[in-house]
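No value in this document is a laboratory result; all are computed from the given coordinates. All figures in this text were calculated on a predicted structure; none of them were measured in a lab. No Cβ is skipped: glycine too gets one built from the backbone with ideal geometry, and neighbour counts run over all protein chains shown.
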Amino acid sequence: MGSLVHIEKLSFRYLESKQWTLSEIELEVKEGEIIILAGPSGCGKSTLLRCMNGLIPHMYPGDYQGSVTIDGIQVREEPMGILAQKVGLLFQNPENQIFMFSVERDIAFGPENLALPRQEIRSRVDETMRLLGIEPLAQRAPHELSDGQKQRVALAGVIAMRPKLVILDEPTSLLDPKTASELVSLIQDLNTRLGITFVVVEHRLDLLTKLATRMVVMNEGRKVLDGKPSEVLSNERVGAYGIVVPSATRLYSELAKEGVKLARVPLAPSELTEQLRRIRR
Amino acid sequence: MHWVAGGFVFRRVESPFHKLDPRTKLLISLEFFAISLLAFAIIQVAIVLASVLFVAVYAKSLKRIGRTILMSAGFAGFIFAINLLFGVGLVSSLLYALRFLAIVSSTSIFFVTTSPDELEHTMKWLGVPRDIVFAFVTAVRFIPVIMLDAFQIMDAQKSRGLELEKGNFVKRIRNMVPILVPLVVNSVVRSGELAEAMESRAYGATPKPTSLYKLRLSRKDKSVMLVSLLFFAAVLYIYLRVKVPV
């Protein structure tokens with residue numbers, strides 16, 4: 001699969017800030033991947049996301065070194081209107097991403113800004129609502145939606161721009177466990193059906209590790225770990241970066257210290273049970 | 001206290017009047033407005049008020065428009081009293097007060113029956129610049145959100161011992177400072193997030209954005225407009241020609 005995101009020696013410092021928020025980040029994202037981006041608060045995750053969709057440097061000026069290339073275009077050179085069709089960014093609070101008075105009109109917001117013809121907007125809106133299962137909500141006003149529905153509507157607004165890459169900034173932080181796991185299934189669905197690549201900043205690792213192809217850990221503006229979730233989570237250093245390792249993986253590490261070596265690193269209790277059963281046999 | 005926020009939220013009502021094009025409703029509203037402004041006899045204003053109420057019944061919005069009239073009744077009373085106090089005759093004072101009510105109710109016909117969405121389309125149709133229309137849209141969209149924010153802050157501050165209902169008038173106003181400061185800070189943060197989300201969805205990418213919906217005058221709209229214009233002309237004629245005792 002081709003490379004979708006190519007970040008080379010990216011360093012960024014906000015205007016009038018002495019400290020570099022990002023230093024020499026190197027990252028390659030292939031098409032179709034689902035990547036978890038983790039790290040303690042203030043490690044530069046949000047800044048990196050904004051560098052990927054162009055808010056940095058287009059909206060936030062500062063010292064910008066290195067380069068970010070998305071689908072062959074230089075983020076620095078292209079206007080936001082072009083970038084918005086390549087990269088969609090879903091922010092933490094869905095409330096502040098729904099502008100219009102009805103769900104349908106809000107999904108149409110992006111395509112309207114691109115000055116697409118009316119029939120094209122209509123078909124994008126209908127298709128997106130069908131994909132995300134929110135057709136019954138079409139005429140609802142934002143204040144008539146639950147938190148989970150708001151999250152879906154906000155995501156629909158992003159998907160209607162037909163981006164290749166969708167970035168989610170802590171998408172489950174305001175959701176209850178059930179709605180959160182529904183959102184994760186939706187991510188998987190969009191990934192397999194539309195081939196959308198995802199970069200997800202997330203603290204609830206137990207939900208996402210199952211479908212993630214990679215996990216990247218940042219600390220103090222640098223990329224410190226990058227690999228398969230099982231590799232990253234079984235790395236001894238991971239705890240030092242404030243990442244809560246799923247209990248199945250933690251148990252694996254504990255067992256390894258006791259001399260019980262399992263064949264694979266389990267990410268979920270079901271995997272662990274499976275392997276323990278095999279040992280017993 | 002959530003009912004306060006509810007007052008600002010548009011409620012969709014199924015009525016033939018609601019289904020009209022917003023421009024038709026605007027025209028009717030403006031006609032009523034002009035008629036009430038030009039009325040010079042109590043009987044005329046009374047007829048205007050009655051007609052407005054008739055339209056309100058037709059639009060299944062009597063309750064909301066009635067509430068608007070009741071809320072402005074206090075101010076109408078004030079107008080009446082001031083006029084009377086300054087030597088304007090009893091009848092004229094009453095006329096001014098009633099005229100005020102007629103103006104308020106005729107404009108509220110438009111605002112009560114028009115969804116914010118339609119209002120947005122009307123503003124665009126009138127040629128209001130897009131940034132201003134969008135500022136208006138977000139302002140209306142976030143009224144309930146910011147109201148709920150305010151209630152949450154009030155609850156939080158009360159639970160930390162702030163006594164909102166205590167003290168004299170000045171003290172009570174000063175009590176609002178711990179509510180307003182976080183509310184303003186919250187709103188500023190919110191507006192920053194809003195700006196980011198707008199940029200990310202290509203706001204301003206093209207000078208002439210398109211729209212999912214377009215206003216279209218149906219045949220019914222055209223006939224309603226025509227009839228209302230005829231009525232309007234007739235009323236103006238009566239105003240000019242027919243002598244009515246004040």
Test of understanding: ordering A:Leu267, A:Leu132 by Cβ neighbours within 10 Å, fewest first, what list do you get? A:Leu132, A:Leu267
Cα centroids of the stretch B:53-97 and the stretch B:183-209: how far apart, whole angstrom? 41 Å
Just want the answer: with Cβ charges of +1 for Lys and Arg and -1 for Asp and Glu, which residue in A:Pro136, A:Leu186, A:Val29 is farthest toward the dipole's positive end in the protein assembly as shown? A:Pro136
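What FRET efficiency comes out for B:Glu14 versus A:Ser173 if R0 is 45 angstrom and r is the Cβ-Cβ distance? Round to the nearest 0.05.
Details: r = 39 Å, r/R0 = 0.86.
So the FRET efficiency works out to roughly 0.70.
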Quick check: pseudo-label points 7 Å beyond the Cα along Cα→Cβ at B:Ala50 and B:Phe111, how many nm apart are they? 2.7 nm
For A:Leu4, what residues show an amide H to amide H distance below 5 Å, using hydrogens built from the backbone and excluding near sequence neighbours? A:Val29, A:Lys30, A:Glu31
Counting sequence-distant residues (5 or more places) and residues on other chains, those with an amide H built under 5 Å from that of A:Ile167 are A:Gly88, A:Leu89, A:Leu90, A:Val199
Of B:Leu53, A:Met59, A:Trp20, which is farthest along the charge dipole of the protein assembly as shown in the positive direction, counting Lys and Arg as +1 and Asp and Glu as -1 at C-beta? B:Leu53
Distance from the Cα centre of the stretch A:204-279 to that of the stretch B:113-143, in angstrom? 51 Å
Amide H contacts under 5 Å for A:Val224, restricted to residues at least 5 apart in sequence or on another chain and with H modeled in the peptide plane, are A:Val217, A:Met218, A:Asn219
Computed for the stretch B:122-200: size of charge dipole around the Cα centre, +1 on C-beta of each Lys and Arg, -1 on C-beta of each Asp and Glu, debye to nearest 20, value 360 debye
Near-label residues of the stretch A:121-151 by backbone N, under 19 Å of a point 7 Å along Cα→Cβ of A:Glu182: A:128-151
Name the aspartates and glutamates eligible as straight-distance cross-link partners of B:Lys222: C-alpha to C-alpha under 18 Å, and not fewer than 8 places from it in the same chain. B:Asp21, B:Glu31, B:Glu118
Once both labels are modelled 7 Å past Cα along the beta-carbon direction, what's the A:Arg140-B:Leu148 spacing in nm? 1.2 nm
Between the stretch A:150-203 and the stretch A:41-61, the alpha-carbon center distance in angstrom: 19 Å
Nitroxide proxy distance, nm - points 7 Å out along Cα→Cβ at A:Glu26 and A:Arg281: 4.3 nm
Answer with one residue from A:Ile121, A:Gly110, B:Ala34: the one whose Cα lies farthest towards the positive end of the charge dipole of the protein assembly as shown, charges on Cβ with Lys, Arg +1 and Asp, Glu -1. B:Ala34
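Calculate the FRET efficiency for B:Lys124 and B:Val227 from the Cβ-Cβ distance with a Förster distance of 30 Å, rounded to the nearest 0.05. Each step should come with its number before you reach the end.
Working: r = 27 Å, r/R0 = 0.89.
Calculated value: 0.65.
Using +1 on the beta carbon of Lys and Arg, -1 on that of Asp and Glu, and nothing else charged, what's the dipole of the protein assembly as shown about the Cα centre, debye to 20? Please report the intermediate quantities before stating the final value.
Values: 64 positive and 51 negative charges, 308 e Å.
That gives a dipole near 1480 debye.
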Any chance you could run the full-extension gain for B:Val57 through B:Ile238? It's 0.36 nm times the residue separation minus the Cα-Cα distance, nm to one decimal. 62.6 nm
Take chain B, connect every pair of alpha-carbon atoms lying under 10 Å apart with a spring to form a Gaussian network, then pick out the residue of B:Ala195, B:Ala97, B:Ala76 with the largest mean-square fluctuation. B:Ala195
